[in-house]
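The values are calculated or read from the model by the stated rules, or taken from the named source; none is laboratory data. Keep in mind that what you see is a predicted model, and the values were worked out from it rather than measured. Glycine also receives a Cβ, built like all others from the backbone with ideal geometry; neighbour counts cover every protein chain displayed.
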């Protein structure tokens, strides 16, 4: 029996019958994106099975002969009444990239697609029970006059969309619309896809499939060939956490990802920025499936001494709830369990415990698959570090820029006061005992901030066993050299 539904009505409940990708098309259409009007059709499994059972596929000598007879009998199958009703007054259709001009030819094309799929199964596995089950549902679009068609996807390496034109010559305005569409659609689906498009009284999406990053060329691998020798790139014991708060994934050699959600979530644009945050989390988790993704809850500051960080999260639901909803979606609904939480700018142990309780209420308890980290940004965090460890955490993120500003009594965001950032001796002395305590307690710490690139600070952190560093995308190529030089200096000091 054939089952047919319009694309626009497909929901998650229909995925087992009509396919996950077709359901995604329906989601895009309901959000207002221009998806081609059409229907999804399932194969007539019972009829196909009945026909196949009358023929011998056990011997290769008669295989093609039997298949030819099967094709002749199947092609004589009349158009299902339900299909005729759905097609209505439409006279031109798009099926699997081909334009078909009447309902009879459309039905024959559908039967041939399913028969080819069965033929492949017969060659591989022979005739067996259930051979006609699970045939791929087909999407049929109603069209008028297709001016051009092609494929589009967003390439994170070039930070731009790639538009392949298969037929026709799209106008510059259409190309611009196609570029905008792929960005909008990726945000709506939270996962990057490749999209088939046509221009038919406007640009329309007529198909999609998951996007897979092209395989890296030999020149971009971790090996480089020089003078008939293969040299391996330097790998440090210090983990590199890529700061993806802005931009897209461009470097796959990082050991983890750090996302400061306040750089993405905007209280003035809650809906769009929430979608951007979720998209960023999904993209990062799928790009680095075996690495930790650290999400710092939003720390929106209005200046030194103002309400911010954890205190603001606890008292402003419009800021805290979207963070919870994003985590709930990516962890519980998408099953991306490598995403962990960083509690931002804490002014006291009670504040930290209260945030933990709020997270637990929302089923975000600390456990093996969900680590809870804390940002260290004030001298109070260092003085009372032992109490924070007793309260329970998995790691700390030392915000060096915030810490030196609060330690030295200046606003680190003011460019005129940057000279105080070079006065690091006092801060390093202040940190020394705290880092020993972390090492003794077997709690990892990572560092974030522009001070990381200060040679004196970098040497100090490596000496004290820093677990990782949060690095901006543009700093990744040079950080390996900095680490190599610093580790060499440390080895020389210890050997003296």
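Note on segment 4-21: residues that are on the phi < 0 side of the Ramachandran plot and touching a residue at least 60 places away in the same chain (Cβ under 8 Å) amount to 6. Among the residues making up segment 53-82, those that are in a helix (DSSP H, G or I), in contact with a helix residue (DSSP H, G or I) (Cβ under 7 Å, 6 or more places away or on another chain) and at pLDDT 55 or above are 71, 73, 74, 75. Counting residues in segment 390-403 that are over 30 Å from residue 422 (Cα atoms), in contact (Cβ under 8 Å) with a residue 40 or more places away in the chain and not in a helix (DSSP H, G or I) gives one or more.
Taken over segment 435-456, the criterion of being touching a strand residue (DSSP E or B) at 6+ places or on another chain (Cβ under 8 Å) and either loosely packed, with under 14 Cβ neighbours inside 10 Å or over 23 Å from residue 245 (Cα atoms) (or both) is satisfied by 435, 438, 443. Taking segment 168-201 as the range and being in contact with a helix residue (DSSP H, G or I) (Cβ under 8 Å, 6 or more places away or on another chain) and in a loop (DSSP other than H, G, I, E, B) as the test, the residues that pass are 170, 190, 191, 192. Please verify whether segment 119-130 includes one or more residues that are in the same structural domain as residue 40 (by TED's automatic domain parsing) and at pLDDT 70 or above. Taking every residue of segment 119-130 in turn, at least one turns out to be in the same structural domain as residue 40 (by TED's automatic domain parsing) and at pLDDT 70 or above. Taking segment 263-377 and the strands (runs of 3 or more DSSP E) fully enclosed by it, no element has 3 or more residues that are in the same structural domain as residue 241 (by TED's automatic domain parsing), touching a helix residue (DSSP H, G or I) at 6+ places or on another chain (Cβ under 7 Å) and surrounded by fewer than 22 Cβ atoms within 10 Å (Cβ to Cβ). Filtering segment 3-16 to residues that are assigned to a helix (DSSP H, G or I) and closer than 16 Å to residue 83 by Cβ leaves only 7.
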